[in-house]
1. Can you pull the percent of region 217-322's accessible area that's carbon plus sulfur, 1.4 Å probe, other chains left in place?
2. Could you rank the peptides 392-400, 175-183, 345-353, 197-205 by their average count of other C-beta atoms within 10 Å per residue, with the highest value first?
3. Relative contact order (percent) for region 287-405, with alpha-carbon contacts under 8 angstrom and 6 or more residues of separation?
4. Can you check how the C-alpha radius of gyration of region 277-387 compares to 2.2 N^0.38 Å, as a plain ratio?
5. Which pairs in the list Lys102/Lys336; Lys148/Lys335; Lys267/Lys328; Lys148/Lys219; Lys219/Lys336; Lys102/Lys219 are over 30 Å apart, alpha-carbon to alpha-carbon?
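The values are calculated or read from the model by the stated rules, or taken from the named source; none is laboratory data. Quantities reported herein were computed from a predicted structural model and do not represent experimental measurements. Glycine gets a Cβ as well: all are built from the backbone with ideal geometry, and neighbour counts include every protein chain shown. Calculation scope for accessible area: heavy atoms of the full protein, side chains included, ligands and nucleic acids excluded. Shrake-Rupley method; radii C 1.70, N 1.55, O 1.52, S 1.80 Å.
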Amino acid sequence: MRVRSAVVRATAAVLAAGCLTACAEGAPAAAPDPAASSTADRNASTATGPGTSAASTRTDSSGASSATGGRTSGGNDRPSDASGHRCSPSVSIDRYSDALDKTTFQGTFVGNLSALTRDTDGSLAALSDRSVLIGLDGRSHRPVRAAKITDEKGAVLDAEGLAVEPGGDRLISSETEPSVRRYDRSGALLGRLPLPDALRVAPVGRAQSNQTFEGLTLKPGGSTLTAAMEGQLTGDGKDTAGRRLLRFQSWQRQGSGARPVPYRLSKQYAYPVDAGLGVSEIAALPDGRLLVLERGFTAGVGNIVRLHLADPRRASDVSGVTELPGGKAVRPAHKKLLADLGACPSLGAPAHQPQANPLLDNIEGMAITGRAPGGRLRLLLASDDNESPKQITRLYSLTVRPGDR
């Protein structure tokens, strides 16, 4: 997501105090909230091209650039002990890697990562918000392919969400219109999904620019697609706890075979987001629950990133509700906090800008990569460096215990 730069006062005593995105748009500032931060995830500094890092790069025979010199890669790529490094009772961080930071693959910059998901061949599909699909090796996470994508007129996308169908086609959301389009493995455009008018950017709809489809996930098996709005629709309000209510839109697709079945609009849910944060990514579990990544940024303080477990299975369908919360009969999706990633051990990670925990950066991508003993999940997160020398392309390997169904 791209946002305008903002100047936010912060003190060490109030870690996450700050003005919400609305302040940059001329709205009154919210009162400081110890759990709040700006929803701005674009750094206030001017983005620069590859090569601005203090680290140098070398290119291997595959065309992938790897780090030498100034980039940290020491003990951080090694697995931790069996119990991991605890962030909370439900989440441990196993390792992190900066090996992709400010690198290129066959002339394509490997960064600006806004989404991450497991591919059908065991590799990882990553998405740059500069309209590039990037394939990563499933074990080493080294780049193995890259393909540029465009819209129907050949223009680039503000691509933010990515899901891979069982047959290998890609579903990609852009937060400009917003839209969800289908592409094949090579990046060729196949079609476009229907969208409720209310979710379109004003004046056509009620969505705010740069606050639309930031997260996208396909339920295992491929029948249900869900997109998460990063911000509110104009006119939508808060729940009884004072949390802003966002909308998650779903689509259904039935059947299988050689002829693709069109996606049809399905239920829409209300999701209560923490004060000062926005939704940056979602990942579907087989039982219908969702991992939800909430993220915010305050200049001079850094990022706040929280991992929640949301259950929309008993939530009301709000596709016909003009303004949320919509009355006592409307039930938002229930959520519980799994971890505030600021509480994770830093593992000696460096930071190029102020961060309360130097491990954190602008985390936007999330993929479930496998299962661990005891019903735990292997999770991989990716940060978006915006091609800025003050931000890092960083991968985070986590072990997550989502809990009972």
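1. Numbers: 1810 of 3670 Å².
Of the solvent-accessible surface of region 217-322, carbon and sulfur hold 49 percent.
2. 392-400, 175-183, 345-353, 197-205
3. Numbers: 227 pairs, mean separation 24.3, N = 119.
Once divided by the residue count of region 287-405, the mean separation gives 20 percent.
4. Numbers: Rg = 16.4 Å, N = 111, 2.2 N^0.38 = 13.2 Å.
Scaled against compact globular proteins, the figure is 1.25.
5. Working: Lys102/Lys336 35 Å; Lys148/Lys335 36 Å; Lys267/Lys328 19 Å; Lys148/Lys219 26 Å; Lys219/Lys336 20 Å; Lys102/Lys219 32 Å.
With Cα atoms farther than 30 Å apart: Lys102/Lys336; Lys148/Lys335; Lys102/Lys219.
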